[in-house]
Each structure stands twice: as C-alpha cells, then as structure tokens.
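A.B. asks: If you scroll down you'll find the structure; I have some questions about it.
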There are 2 protein chains.
Amino acid sequence: MLTIGEFSKISHLTLKTLRYYDEIGLLKPAFIDAKNNYRYYNISQLETALLIARLKSYLFSLEEIKVILANWENTELLNSKMKAKQENLTQQITFYSSLLKKLKIDIQLLDEEENIMGYLDQIEIKVVDHLTYHILSQRKQMNTADFLLHFNELFSKILFENLSPIAKPLAIFHSSEYEPENYDVEIAIPLAMATNKTKVFNPGLCAMATLIGSYDDLPSIHTKLHVWLAENNYKLNSAPFEVYQTDPYSTPEENNIIEVYFPIK
Amino acid sequence: MLTIGEFSKISHLTLKTLRYYDEIGLLKPAFIDAKNNYRYYNISQLETALLIARLKSYLFSLEEIKVILANWENTELLNSKMKAKQENLTQQITFYSSLLKKLKIDIQLLDEEENIMGYLDQIEIKVVDHLTYHILSQRKQMNTADFLLHFNELFSKILFENLSPIAKPLAIFHSSEYEPENYDVEIAIPLAMATNKTKVFNPGLCAMATLIGSYDDLPSIHTKLHVWLAENNYKLNSAPFEVYQTDPYSTPEENNIIEVYFPIK
DNA sequence: ATTGACCCTCCCCTTACAGGAAGCATTATA
DNA sequence: TATAATGCTTCCTGTAAGGGGAGGGTCAAT
C-alpha cells in the first residue's frame, strides 16, 4: 500500500491530480482509511496510472480515458478510439499548417510595411439591379457548420422532378443576430419556370461585392457593404443574400466565388 | 449606430461574445444608453471586430489581442508578436507530428494484437553494488522544466577549478511527492579526488534499470522498480538517483540513456 | 394598447487541474 | 514526552472564452 505522496512520486502525478482523478472516478485509491480519509493505493495501480498518462499524452480527454479504461478488455474500442485520434491529429496538423501559411503571408506584408487589413480596400462594391427569379426555396434554422448539407434536399428535388435551374443557388439570411448553431437561412434555387411551389424573388436594387476565398472572410464583405451603405446613405431594404458561383465540393476552399448582395433603398 | 444584434449579424460574433468583449474591455461599444444600458456600436468598430477575429484566428489570446490593439500604432510590436506566434505554431506542428508518429506505432501494435503497455515487460532490472564516489553536489528546489540548466553551474565549476570528473553526472531525488514546479533534487558529479567541497556518495546495493528513450518514460521505470521491490521484498534504503549516460544537448530526445538506481535493503 | 422581437443582468457550467487556507494525523527530533 | 515538522484531509477560488438559460425591462410596429 502506498500513500498518496509515495504514489505521486513514482507516477509523476501531483497530489492535486491524484485527488482530482479520485474525485472524477478515473483512478480511485484501492483503500481509503475510514477514520482519517487517507488514500492508499495498490502497487498495481501504478500501471493504471502509467496507462492514463500514456493516453493523456495522446490528448484523450479524461472522460474518454475513463471510457477506455472501463472497457479495457474490449480491444476494438481502444483501437477505434486510437484511429479516430490519429485522424483528429492529422486534421490538427493540416489546420495548423494552413494557419501557418496565412500567418507567413501576413508577416511578409508587415515586413513590407503594409497593413494586414489592407485587403479590405481591395473589395469592390457595385450597384446592380438584380433580376427577378422564380425560386424554389426552403427556410430553416440551421447550424452554419453543416450549411452545405441543407442544399442536398433541394438539389435532389430538382433532379427528380425534372426542374430546370436557371441560375446559381443562393441563400437568404433572415437572422437578426449571428447564432452559428441556429441560423435562420432560406436556401433557394432559381428555376426557369414558375410552379405552384416556387415563389417570386425580386430583391431590386442591390449593393454587391464578390468574395473570392474562404467563407471565413464573409464578415469582411458584410462589413465592407455596411460601411458603404452608411457612407452612401442607403438603407437595407430586405434580407441580404449570397449567390454561390462555384461548386463548394470541387473547389478548394480558398478559390470559392461568392457574391454577397444587399438589397438597398 | 448599430444595435448589438445588428453588429453581431455583420461581424459574425455572437451576442455572448460581444458582451464578453465589452466586459473584458477588448471591444467596448461606442455608446451605452445610460437609461437602459443598451449597447450601440459605431460602423467603424466593425473593422476593429474584423481585426480581432483575424488575430483570434491566429490563436492569439484575447489578452494578447488587447495589448496589440492598445499599441496598434506600434507596428514593431505586432510584427514581433506575429513572428513569435509563427515560431509557436511551428513548434505545435512538430509536437503534433511526433505525437502522431508515436500514436501510429501504438496503433500498429494494437493491430498486431499486442498490448500497448507491453514495453513495460521489456524493462530489465539488475541488482548491482554501486561504487562509492566523491561527489561535488548541489541540492536545490527546482522546476523540472529547466532541470538541465542547473547542471551548468556545476559544469562550470569543474572547468574553472580544474577538477576531474570520474563518472557521468547524476541526480538524487529527495522530494517526497511529485511537484514539477518545486522539485527537491540534488545534482552531482563524481570527482577523481576528494576535496573539502566534495562529499562521499555511497548508495550501496541498488536495483537498477536503464531507460533508453525520452524522459517522459521515467515514470515507467520508477513504476517497474517499485513493483520489483515489492515483489522481491526489498525496501528503499535511501533516495533514488539517476545517472545520465548521454549528453542531452547532442542526443536526440528518444536516444537518451538514463540509468535509474534504487538503493535497497 | 398590445405584442413580439430585442435587450439587459445575473448565475451556473465547461477542462484539468493549481494555489492556498484551515484543520487533523503521523512521525521525527530534542 | 513535548514539540515541531511533515503529511494528509476538505473546501474555496481561479483559470479561457464564452454557452445556456432565467427573469425581467424596452422598443417598434400594428
């Protein structure tokens, strides 16, 4: 039997950590002296501690580790968790790598004494009179993370009901605030002919800017448009919408072309 | 003037986020109506919001971003912070990559139906009678993170006082628990001759195991040794110590050779 | 005048502990 | 044996960056 201090020294886990693991039920001492609440550990628990440390080094959460330990006999579980973690780490690495790439571009800009927000001045705003369309649309509360998925239903309908799209798909944003988990969006596809399921989409005069790049830059475009509206004494007349000019499935993230329209008056 | 909802929609920051940024002083609304506490933002603050989002995407903490914004005129600061962050990201990537490599090895083990803790059984324990040395030593409370640095002083003394080391440097662990920030360690170098500054180091009979690999595996060795002591009815006779057989500065992390000794009775 | 959308503050929750206080228990030393 | 030094306990607070929700006030349009 080892006291918590001895156990700490051998396992290289602090007292705080051991007490915390006890509390969350990850590693409970083999024996607790009822009269003074002293914790005592088995020597064999040292190996459990090693295992925990090992899994922790792979960035599993303590909750995940608990599950793995509880099903230690089930090697399939561990195997699949490990493979999931591998996938996870790989994604992290690509994420960090692309971040690093962007960062380096900005550093170069800074070294050339340019403003890193300078790209904002490159955004060009046009005033256009948008065509009137008959659109097939669906309005939903959606999670912005799986925005794309929601188009599938529409695409499918068009395919199976032999409808003919006449322009690129678009999305109309009705939300009054930014709520990524529960975003009020109407996705739509303009059709060549009106049916009883279509409705008329007639935004009229619009301020428009084109985004070439990642969706992450959408706030920049929106900001630009709003600043422009304010400077030119226009008001937003109805919900902003976006037209997707490129296929997000086959286009690399940074080459997407999205037109953002603000109906104005 | 924009209400918080409008500002949220354009900037793609949630209401929660905006209120939080107000609270921590990162982005305070330009105007607050005193009678109802409504927050109102300037259009120009949208660009600040964009900047914040940008820096956040580079994984700066909000605290860092606050500092950067406060010194926005000082382009040097931003530049240096960006370069530090670049370094940081690079390290993260190497860290994740090496983790991924280890993970893949374990996955392969699992696929071959081996236990991932199997390496524990490979650790060989010998009983040896340790030589007696005259050691030049220093006992300190240290942070385990800069363990190596503490040797420099000793090395320097040996060099400038023309002393002759006779064996590899070692460290004796007096701590009674694991406290990474404040670890009670005695670092020592055995010398050929006794002086008035040396003391006798005579651990006697020891159980010994050799670690080839990263320092992270030290708990495994300690665990192994403790299990062995318990199984063979020995007791720890004095503080455990480690002998560093390889130069940590020139040896890649995974090739270090460290001998761990437990004086026994 | 009412209603529904919008805004406010306040409190609790998240991870994986660290830091510290206050108070027993055990062990070492004088 | 008395005292001091450790060792152990529980409990409280704090971390980063907000999310979730309660309870209640306010605004704009009908």
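A quick yes/no check of all residues on (1) more than 14 Å from every other protein chain (Cβ to nearest Cβ); (2) hydroxyl-bearing (Ser, Thr, Tyr); (3) surrounded by 19 or more Cβ atoms within 10 Å (Cβ to Cβ):
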{"position": "B:176", "(1), (2), (3)": "no, yes, no"}
{"position": "B:185", "(1), (2), (3)": "no, no, yes"}
{"position": "B:200", "(1), (2), (3)": "yes, no, no"}
{"position": "B:210", "(1), (2), (3)": "yes, yes, no"}
{"position": "B:220", "(1), (2), (3)": "no, yes, yes"}
{"position": "B:224", "(1), (2), (3)": "no, no, yes"}
{"position": "B:231", "(1), (2), (3)": "no, no, no"}
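A.B. asks: Shifting gears a bit: How many residues does the stretch A:10-45 hold that are in a helix (DSSP H, G or I) and within 14 Å of DNA strand C (Cβ to nearest atom)?
C.D. replies: Residues that pass the stated criteria total 10.
A.B. asks: Under 8 Å between Cβ atoms, at least 6 apart or on separate chains: pull out the pairs that start in the stretch B:24-39 with a residue that is within 14 Å of another protein chain (Cβ to nearest Cβ) and end on any residue that is in a loop (DSSP other than H, G, I, E, B) and within 8 Å of DNA strand C (Cβ to nearest atom).
C.D. replies: Final answer for the pair search is B:39/B:29.
A.B. asks: Just a yes or no: is a residue in the stretch B:140-148 within 30 Å of residue A:69 (Cα to Cα), within 18 Å of the chain's Cα centre (by Cα) and at the interface with chain A (Cβ under 10 Å from one of its Cβ atoms)?
C.D. replies: Yes - at least one qualifying residue is present in the stretch B:140-148.
A.B. asks: Return the residues of the stretch A:120-161 that are of a type in the set (S, T, N, Q) and open to solvent by less than 40 Å² (accessible area, probe 1.4 Å); say none if nothing qualifies.
C.D. replies: A:137, A:138
A.B. asks: Checking the conditions here, which among B:239, B:209 is among the aliphatic types (A, V, I, L, M), touching a His at 6+ places or on another chain (Cβ under 6 Å) and either part of a loop (DSSP other than H, G, I, E, B) or under 21 Å from residue B:128 (Cα atoms) (or both)?
C.D. replies: So the residue among B:239, B:209 that is among the aliphatic types (A, V, I, L, M), touching a His at 6+ places or on another chain (Cβ under 6 Å) and either part of a loop (DSSP other than H, G, I, E, B) or under 21 Å from residue B:128 (Cα atoms) (or both) is B:239.
A.B. asks: Can we say residue B:55 is within 16 Å of DNA strand C (Cβ to nearest atom), in a helix (DSSP H, G or I) and surrounded by 14 or more Cβ atoms within 10 Å (Cβ to Cβ)?
C.D. replies: Considered against the rule, which asks whether it is within 16 Å of DNA strand C (Cβ to nearest atom), in a helix (DSSP H, G or I) and surrounded by 14 or more Cβ atoms within 10 Å (Cβ to Cβ), residue B:55 comes out as no.
A.B. asks: Within the stretch A:110-127, is even one residue closer than 30 Å to residue A:264 by Cα and basic (Lys, Arg)?
C.D. replies: There is at least one residue in the stretch A:110-127 that is closer than 30 Å to residue A:264 by Cα and basic (Lys, Arg).
The values are calculated or read from the model by the stated rules, or taken from the named source; none is laboratory data. These numbers were taken from a predicted model, which means no experiment stands behind them. So basically every Cβ, Gly included, is an ideal-geometry build from the backbone, and we count neighbours across all protein chains shown. Keep in mind that these areas ignore ligands, DNA and RNA; they rest on the heavy atoms of the full protein, side chains included. Shrake-Rupley method; radii C 1.70, N 1.55, O 1.52, S 1.80 Å.
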